[in-house]
Structure formats: C-alpha cells, structure tokens
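The structure under discussion appears below in the form of structure tokens.
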Amino acid sequence: MPRLPEGETARFIDEGSESAYRGGLGEGHAVFVFNDGKTFKGGWKDNEQEGYGVMQYPEKNGTTPKYDGEWKDGKKHGAGTYTWASDSVYEGEWKDGK
C-alpha cells in the first residue's frame, strides 16, 4: 500500500467512494487529494506512483502547475509534460524525477 510522508494526509477516491487515510493508501488506480492541495490521478504499485499519472499542484498566478506523464518508483520517469505556473512547458523524457 502506498505510504504518505509522516503526518501527511490525503483522501483516497475510488469508484465513487471517498475515505480519509493517514500514513497509507490502497494500491491500483485511484485519485489522491493531498491536504497541501496536490491531486494525483493515476497508478500505484509497490507503495509508489507507477505508470501513467497526472499530478496537479495548487494554483499559482491563476494557473495550475501540473505533470502529465509516466512515473516509476514514485518519481517522474519516462515521457511526460510539466507545465509551470508561468505557463512554461517542458515536454520530453524524465529520469528519476529530473
């Protein structure tokens, strides 16, 4: 089951039901809404974000920064697009979150 950093909370939304969890979340495809305003929609495997997913960050300057692409071991990895609050965009390959 995916784990959140100590003290972090999120809502796990799956098949129309919503529950609060602390410290651990289910595995598979789901929507996670974090208490800091981030939202992740995508896959989880072996306690980490895995496969295709979209992470949206809290709104800044009227835009919503986001990463849309592949994940491996909880990091951006593979083909993906990151859009910053300034509307600058990077589209390309990611490796280990960079």
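Here the 3J(HN,Hα) profile of the stretch 57-73, calculated from phi with Karplus coefficients 6.51, -1.76 and 1.60 at θ = phi - 60°, is 9, x, 4, 9, 6, x, 10, 10, x, 7, 10, 10, x, 8, 10, 8, 6 Hz, Gly and Pro shown as x.
The slack between E59 and A79, meaning 0.36 nm per residue of separation minus the straight C-alpha distance, is 4.8 nm. The amide H of Y52, built 1.01 Å from its N in the peptide plane, has G43, W71 as neighbours under 5 Å, considering only residues 5 or more places off or on other chains.
All of the numbers you see were taken from the coordinates with simple rules; none came from a lab. What you are looking at is a predicted structure, and each value in this text was computed from that prediction instead of being measured.
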